[in-house]
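Undergrad: Handing you a structure now.
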Amino acid sequence: MEIYYDNGWALWGLKCGERRITEPLFLEVLDIRGRWAAVRYEDGGTGIVDSNGECVKRFPKSVRMEFVENDFVRLSGLGKDLLMDLRSLLLYTSLPESKFYGEFELLFIGDWIYTRTKRQYGVEEKNGFSPYLCADGLCLTIPCDEVSMTEHLQNHDEEDEPWLEQLEKWVDCVKGSACLIAGDDSQAYWLYKKLVDGTIVILDNDLRFYHVTGVRDNDGRLKAVKRLVAQANEKTDIEAMEQLLEPIETEAKVRVAERKRKQEEVEEDKRKERLKRMVGAIPYKMGNKWGLKVEGRIVVPPLYHAVKTPVEKYCVVEKNYQQWGIMAVDGKMVVEPKYEDVELFEDGTAVLTVYRGKTIQMKIKE
């Protein structure tokens, strides 16, 4: 962001490259820091303008501004010096301590912790306060209490008792967790439910329920995607909401099962490639137990009562007395050891003795 001067208006404006982001509106551009500009208007008043050209805050002409670290501005001329968070516009008497949890930033000052969202959320710090970052970074959960609910998140009139009662009812269901979601600096939400696939269901102050998934941008940064799934009102009960959410939970379980199936396929393909390279496996004995070695390296520890010489990539093993089965040379059991005897042939045929000479024949397949 930089300044330009308009001779016709005799005023200054702001631009990014060749693109004007404001008209010539300012008597003076006092300072530029990152995506913020401190300006003085024609009436002498001052203000902060962002990189979209929007005035985020106006001040009387007596106020002096000085940008400081971490998107804060120091304000003088108000009786005492104050620091304003340019993201939430909240005022502080001293610069808060900043802590990051993954991509999420929280501010700590005195006994309070604040988010840096446009609609700010604050909670009193208590013993055991512990924000929790989800494994994939989709959300950060934060403890909540009644004070924070009624004073720091609501966008309704405090006299609106029916709405407040409904919000309290639903917030009570979240068991004490507010949350921030990745890439959303607008507000904090209430974490209603975590689903088995890592996605979440959240609630906002207007009693809207969203299913939240995550996508990654070209830089690999995770961003939350909200999908409205339900709108609660005074007649909505928890059972009805659970019924509305049931299809979403079912879809999540299907996604987890499919993800697991694909991962198992990948792991099995890798295993088969490793198995091709395991040539010349031989039995070895340690104490009273047998295992397998390949080129002097132990690939199957000594766990078995007996191990027969491998045939191709498989061998017959006896786990306990007369409990024979078939194992791949990497240790994966192919036929459970429960037969009186097993014979294995080079064509992959196996003869299993079930009981007193009764046998069954099978083809080894993996």
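Undergrad: So, in the range 69-80, how many residues would count as being surrounded by fewer than 13 Cβ atoms within 10 Å (Cβ to Cβ) and not acidic (Asp, Glu)?
TA: Matching residues across the range 69-80 total 2.
Undergrad: Could you list all residues from the range 182-196 that are part of a strand (DSSP E or B) and closer than 12 Å to Arg116 by Cα?
TA: Gln187
Undergrad: Oh, and also: Consider only pairs whose beta carbons are under 7 Å apart and that are at least six residues apart or on different chains; among these, list those whose first residue lies in the range 327-346 and is farther than 16 Å from Pro310 by Cβ and touching a residue at least 12 places away in the same chain (Cβ under 8 Å) and whose second residue is part of a strand (DSSP E or B) and among the polar types (S, T, N, Q).
TA: Sorted first by the residue in the range 327-346, then by its partner, the pairs are Lys338/Gln323; Tyr339/Thr353; Glu340/Thr353; Asp341/Thr353.
Undergrad: Of all residues in the range 199-250, how many are part of a loop (DSSP other than H, G, I, E, B) and either among the small types (Gly, Ala, Ser) or not assigned by TED's automatic domain parsing to the domain that holds Gly137 (or both)?
TA: 2
Undergrad: Tell me the residue from Ala257, Ala240, Ala252, Ala232 that is of a type in the set (Gly, Ala, Ser) and over 30 Å from Glu168 (Cα atoms), please.
TA: After applying the criteria, what remains is Ala257.
Undergrad: Of (1) surrounded by 14 or more Cβ atoms within 10 Å (Cβ to Cβ); (2) closer than 26 Å to Asp184 by Cβ; (3) without any contact (Cβ under 8 Å) to a residue 24 or more places away in the chain, Lys99 satisfies all except one. Which?
TA: Only one criterion is unmet by Lys99, namely (1).
Undergrad: Something else: Identify, please: which residue in the range 277-305 is in contact with a strand residue (DSSP E or B) (Cβ under 6 Å, 6 or more places away or on another chain) and part of a loop (DSSP other than H, G, I, E, B) and is, among those, farthest from Lys319 (Cα to Cα)?
TA: In this case the residue turns out to be Met278.
Undergrad: Give all pairs with beta carbons closer than 6 Å in which a residue from the range 180-198 that is over 17 Å from Arg216 (Cα atoms) and assigned by TED's automatic domain parsing to the domain that holds Asp136 meets a residue that is basic (Lys, Arg) and at pLDDT 95 or above; count only pairs at least 6 apart in sequence or on separate chains.
TA: Every condition considered, the pairs that remain are Val196/Lys253.
Undergrad: If you go through the range 44-68 one residue at a time, how many are of a type in the set (Gly, Ala, Ser) and surrounded by 15 or more Cβ atoms within 10 Å (Cβ to Cβ)?
TA: Of the residues in the range 44-68, 3 are of a type in the set (Gly, Ala, Ser) and surrounded by 15 or more Cβ atoms within 10 Å (Cβ to Cβ).
Matching residues to (1) of a type in the set (Asp, Glu); (2) in contact with a helix residue (DSSP H, G or I) (Cβ under 9 Å, 6 or more places away or on another chain); (3) within 30 Å of Asp185 (Cα to Cα):
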site: Gln231; (1), (2), (3): no, no, yes
site: Leu245; (1), (2), (3): no, no, yes
site: Glu251; (1), (2), (3): yes, no, yes
site: Val266; (1), (2), (3): no, no, no
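Undergrad: Any residue in the range 290-311 that is modelled with pLDDT of 95 or more, among the aromatic types (Phe, Trp, Tyr) and out of contact with any His (no Cβ under 9 Å at 6 or more places or on another chain)?
TA: yes
Undergrad: Go through the residues of the range 248-268 one by one and say whether even a single one is surrounded by 10 or more Cβ atoms within 10 Å (Cβ to Cβ), within 21 Å of Cys315 (Cβ to Cβ) and free of Cβ contacts under 8 Å to residues at least 24 places away in the same chain.
TA: Yes - at least one qualifying residue is present in the range 248-268.
Undergrad: Take the conditions more than 25 Å from Glu312 (Cβ to Cβ) and among the acidic types (Asp, Glu) and apply them to Asp237. Does it pass?
TA: The answer is yes for Asp237.
Undergrad: Could you tell me whether the range 306-324 includes any residue that is of a type in the set (Ser, Thr, Tyr), more than 21 Å from Leu275 (Cα to Cα) and not in a strand (DSSP E or B)?
TA: There is at least one residue in the range 306-324 that is of a type in the set (Ser, Thr, Tyr), more than 21 Å from Leu275 (Cα to Cα) and not in a strand (DSSP E or B).
Undergrad: Would it be correct to say that Thr199 is within 14 Å of the chain's Cα centre (by Cα) and at pLDDT 90 or above?
TA: yes
Undergrad: May I ask you to list the residues in the range 325-341 that are surrounded by 19 or more Cβ atoms within 10 Å (Cβ to Cβ) and touching a Lys or Arg at 6+ places or on another chain (Cβ under 8 Å)?
TA: Gly325, Ala328, Val329, Pro337
The values are calculated or read from the model by the stated rules, or taken from the named source; none is laboratory data. Just so we're clear, the structure is a prediction, and the values are computed from it rather than from any experiment. Neighbour counts run over all protein chains shown; Cβ positions are idealised from the backbone, glycine included.
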